[in-house]
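Participant: I am attaching a structure below and will ask some questions about it afterwards.
The values are calculated or read from the model by the stated rules, or taken from the named source; none is laboratory data. None of these values were measured; they are calculated from a predicted model. Glycine gets a Cβ as well: all are built from the backbone with ideal geometry, and neighbour counts include every protein chain shown. In case anyone asks, the SASA skips ligands and DNA or RNA and just uses the protein heavy atoms, side chains included. Shrake-Rupley method; radii C 1.70, N 1.55, O 1.52, S 1.80 Å.
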Amino acid sequence: MNVQANKWIGQRTIRPDGADKVTGRAAYAADTTMPGMIWGKILRSPHPHACIRSIDTSKAEALPGVKAVMTARDLVDFPIDKSVMLGIQDMRWMCRNVMAREKALFAGHPVAAVAATSEAIASEALKLIEVEYEVLPWVIDVEEAMKPDAPILHDHIQFEGKPSNIAGKLEHKLGDVEAGFAAAEVVVERSFRTKPVHQGYIEPHACLVSVLPDGKTTIWSSSQGQFMVRAMCAHLTGLPQNDIRAIQAEIGGGFGGKTIIYLEPVALVLARKSGRPVKMAMTREEVFRASGPTSGSYSTVRIGATRDGRILAAKGTFYLQAGALPGSPIRGAAGCAFAPYDIPNVHSLGFDVVSNRSKVAAYRAPGAPIGAYAVECVLDELAEALKMDPLQLRLKNAARQGTKAAHGPTYPRIGFEETIQAALEHPHYRAPLGPNQGRGVASGFWFNAGGESSAQVNITEDGNVVVTTGHPDIGGSRASTANITAELLGIDYRKVSVLIGDTSTIGFSNLTGGSRVTYASAMVVTQSTEKVIRTLCERAAKIWKIDPDAVVWEDGEARPAGDNAGQFPPLTLAQIAARASETGGPIGAGVQLNTTGAEGGFATHICDVEVDPELGTVRVLRYTSFQDVGRAIHPSYVEGQMQGGVAQGIGWALSEEYIYDKQGRVDNPSFLDYRMPVCSDLPMLDTVIIEVPNPKHPQGVRGVGEVPLVPPLAAVANAIHDALGHRFYSLPMSPPKVLAVLEPADA
Amino acid sequence: MAKLHVSTTINGEPTEFLCEPSQSMLDVLRGPLGLTGSKEGCGSGDCGACTITLDGRLVCSCLVLAAEAQDREIRTIEGMAEGDRLHPLQQKFLEMAALQCGICTPGVLMAARTLLEQNPDPTETEARFWLAGNLCRCTGYDKIIRAVLDTAAEMREAAR
């Protein structure tokens, strides 16, 4: 597509849902009520690991105002030793995550729930539920969980023939890694640790569920996919999917953490039992204790190169903490770690390790930041050993078109080199630094994703446009859809309304996640709009009584072409719409696809920090991210994704971590003690959008949202090394750790 | 215990409500009064999503008892636009894409409005510290700060 010719693609239009959100009227998950609604609350295990001997709910049921009580017995049982996959989630784990069955596997694990006429009564009723636990030894840390004498969470899980907490292994191999290391002249090997961190969405999980006596069910909830909510609830409750209408509320942030369910099936069962609509909302403490953070990790990376900086071999081993049930993002860690580089010999291994903490959920480029942190820090040391500029080392080994990646693909046209070149040429890279200041760089990769999407484009009787897609809009995707539709139709984008359909009003659409929404919805919206344009031309041809092939659509109107050019005055969208009934009926088209061709995304980041030698605090002074986005349909929201990911990465690097007490419970389950970056912690976050169009996409789009979280951990770590001359091999690089280096206890 | 009767003013409208002695202002706003623009992100005063003003002072409504509203003036996000005219901050947030998911936006806007009322010409640092009590996980704050500073400049220009 010719960039110069675009009127709306690439414009910073006002998002269709904007006024709704700045006036406080947008309805999020907790903002809706229903007549007769009651409140549901969850009883959670105080123990990180315990057999549930019995649960007596009789006293709770007898409390006036209590309308329903439930336990895991009220959900469909999926035997623990038989996999039932739904997308990437295994329902035998999901059913146990929603409510403990045989054992409570983490402190905060749901064991029962009640619904009552008020929140206060529901809370009171929880205290009346008697649970008999047999407390078991527990383990939280990923390395501890792999020790021979570690408590075993799941008896049926075996690794190398023995009961183990290692629940899965993933391996990528390319070439002969031992031969590669043998030929290498410089080898660097280091081990790294990261703490589990939470996605940190500001909106806690919430839902409102109504079940009618005939089983017809409405779920109003905040999630990254209404179809996921429908399917999982159907699996867990036994309802057929057609009886469940899942309506996506506006979503107050997700970052992957809302790609699974927690409350919805519980509220559904309570609503079914009580005959009343049930509302549930997590407290922030519950969000921290029991909703999906991402893994903590222990990684070892070894990279070997020639003296002139050609990387010959790389090996990475990544142990990721899954939490109570299997499912660590080892694919992202082991698959993305070396993906930016053209390395002939690679061996990358990921291990999925269960332990007694809440089950992980996806978090922005799941696993990839963990892998990249280790690799990009080792590359920094390698550059130092080779006396090479760290960006030049990356450029020399950058993957490009034709590079075979260890995780499988041979790359088509990609834009990684362009990100490094742009960083090298940017004034930031040459700006002077003061005392206690340092600069670090790092790169990163994410697969991106296609998958199922549906769209419907309808022309209103007055000649405007309503587009419906099936993806919750988590960060401005409606604006991209409006830009694309307006561009194709040649009309003002304000004539396009964009809505998100529920499971009963639009075709199946996979999750908002994996950096897939703008990519995939652009494809179905484009094809739907092209069908509409063909219809509009046919209607004009009918009015003019000429052949439809002799009509073209230009600048928002049908024009006679070829031999008929100039014979009739053009017909606008509004004129054709006004005559829709007489020319064949309503005008609209829908397309449903399983989209493919989402090619990888790459970024390179530059970070400047200043270390306060007295306080041990690290302040990010300047940050610039360079990312190949393929094509920025709405540049402001592309920049917003880049800035948001960087901010989360800075938090992961410097201040965020789960802290556990001696009883195995989260000790910092609040925003006060779990320290995410606040406004005064950060500088402006500069962005450089690089557009190397994806040849497989109608607008050239690649995914955007995940990649920005991949490089920052190492970029910050490398900057601190540049400032202090000391390397940290564990995150977060918080003041106590920094001070321990600056003021050693024995000094 | 019997419910308390409270007479207050919300967004310029005389308002009465009944509440439990222990109920927070946020609960009453979101519940009986139906003003769900103020959001609950934490319930402990750490996130700022429930920010309102009480007699012009910024507060987290989750930390204010509803009974404290007696004879006070409350402003919430629902009163920020005048009729169909958005406040300049609201308009600028849209133009500069200073929101993504939007859940923190009502609180951020309430805090930013109070900032500009008290300090029409804030520096970037002043704006950052003023808004440090309003968590945003989506934007990295960059576009929020730019929008606040741009709005301040425009409002100063308009006031000349």
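Participant: Roll a 1.4 angstrom probe over the protein heavy atoms and tell me the percent of accessible area of the protein assembly as shown that is carbon or sulfur.
Facilitator: On the protein assembly as shown, the fraction of accessible area on carbon and sulfur atoms equals 50 percent.
Participant: Just check chain A against the gyration tensor rule for me: Cα atoms, a ≥ b ≥ c as the square roots of the eigenvalues, rounded for a/c under 1.5, and otherwise prolate or oblate depending on whether a/b exceeds b/c.
Facilitator: Verdict is oblate for chain A.
Participant: Express in nm, to one decimal, how much length is gained between A:Asp56 and A:Ser730 on full extension, taking 0.36 nm for each residue of separation and deducting their alpha carbon distance.
Facilitator: My answer for the length gained is 238.2 nm.
Participant: Another question about this same structure. To the nearest whole number, what is the average tally of beta carbon atoms from other chains within 10 Å of the beta carbons of peptide A:638-645?
Facilitator: What the average comes to for A:638-645 is 5.
Participant: Here's a follow-up. Residues of the stretch A:323-354 with backbone nitrogen within less than 14 Å of a virtual label 7 Å along the Cα-to-Cβ line of A:Lys169, please, listed as ranges.
Facilitator: What the label zone holds, given the 14 Å backbone N cut-off, is A:348-353.
Participant: Hey, how many Å between the Cα centroid of the stretch B:2-37 and the Cα centroid of the stretch B:85-145?
Facilitator: Here the two parts' Cα centres lie 26 Å apart.
Participant: Please report the antiparallel percentage of the DSSP beta bridges confined to chain B, to the nearest 5.
Facilitator: 90
Participant: Taking the Cα centre of each part, how many Å lie between the stretch A:711-747 and the stretch A:605-655?
Facilitator: 18
Participant: In this model, which of A:Lys82/A:Lys103; A:Lys169/A:Lys359; A:Lys359/A:Lys737; A:Lys279/A:Lys359; A:Lys41/A:Lys127; A:Lys279/B:Lys39 are farther than 20 Å apart at the alpha-carbon?
Facilitator: A:Lys359/A:Lys737; A:Lys279/A:Lys359
Participant: Once A and B are treated as a pair rather than alone, how much accessible area drops out, both sides summed, in Å² to 100, probe 1.4 Å?
Facilitator: 3800
Participant: Something else about it: How crowded by other chains is B:89-98, given as the mean number of beta carbons from other chains within 10 Å of each beta carbon?
Facilitator: Partner-chain Cβ atoms within 10 Å, mean over residues of B:89-98: 5.
Participant: Report ³J(HN,Hα) in whole Hz for each residue of the stretch A:311-326, in order, from the Karplus equation J = 6.51 cos²θ - 1.76 cosθ + 1.60 where θ = phi - 60°; Gly and Pro get x.
Facilitator: Karplus-based 3J(HN,Hα) across the stretch A:311-326 equals 6, 9, 8, 8, 10, x, 10, 10, 9, 10, 7, 7, x, 5, 10, x Hz.
Participant: Using the Karplus curve 6.51 cos²θ - 1.76 cosθ + 1.60 with θ = phi - 60°, what ³J(HN,Hα) values do you get for each residue of the stretch B:90-99, in whole Hz, with x for Gly and Pro?
Facilitator: 4, 5, 5, 4, 5, 5, 9, 6, 7, 9
Participant: If you take every residue apart from A:Thr300 with its C-beta less than 13 Å away from the C-beta of A:Thr300, what net charge results, scoring Lys and Arg +1 and Asp and Glu -1?
Facilitator: Residues near A:Thr300 contribute +2 overall.
Participant: Hey, another quick one. Would you mind putting A:370-383, A:496-509 in packing order, based on average other-beta-carbon counts within 10 Å, highest first?
Facilitator: Result, highest mean Cβ count within 10 Å first: A:370-383, A:496-509.
Participant: When the Karplus curve 6.51 cos²θ - 1.76 cosθ + 1.60 is applied with θ = phi - 60°, which whole-Hz ³J(HN,Hα) does each residue of the stretch B:127-137 get, with x for Gly and Pro?
Facilitator: Couplings: 5, 5, 6, 4, 8, 5, x, 10, 6, 10, 9 Hz.
Participant: What is the local net charge at A:His697, summed over the other residues whose Cβ is closer than 9 Å to its Cβ (Lys, Arg +1; Asp, Glu -1)?
Facilitator: So the environment of A:His697 carries a net charge of +2.
Participant: Per-residue mean of other chain beta-carbon atoms within 10 angstrom of the beta-carbon, peptide B:42-49?
Facilitator: Neighbouring Cβ atoms belonging to other protein chains average 6 per residue here.
Participant: Please list, ordered by chain and number, the residues whose modelled amide H lies under 5 Å from the amide H of A:Thr403; skip anything fewer than 5 residues away on the same chain.
Facilitator: So A:Thr403 has HN proximity to A:Tyr411.
Participant: When the chain is fully extended, how far beyond the present Cα-Cα distance does A:Asp563 get from A:Glu130, taking 0.36 nm per residue of separation?
Facilitator: This chain segment gains 147.4 nm when fully extended.
Participant: Starting from 0 in steps of 10 Å, tell me what percent of the Cα-Cα pairs of the stretch B:4-79 lands in each bin.
Facilitator: So the P(r) values, bin by bin, are 22, 62, 16.
Participant: Now for a different question. Checking understanding here: applying a Kyte-Doolittle mean of at least -0.5 and a length along the axis of at least 27 Å (C-alpha), which whole DSSP H helices in chain A pass?
Facilitator: The qualifying helices are A:517-544, A:635-654.
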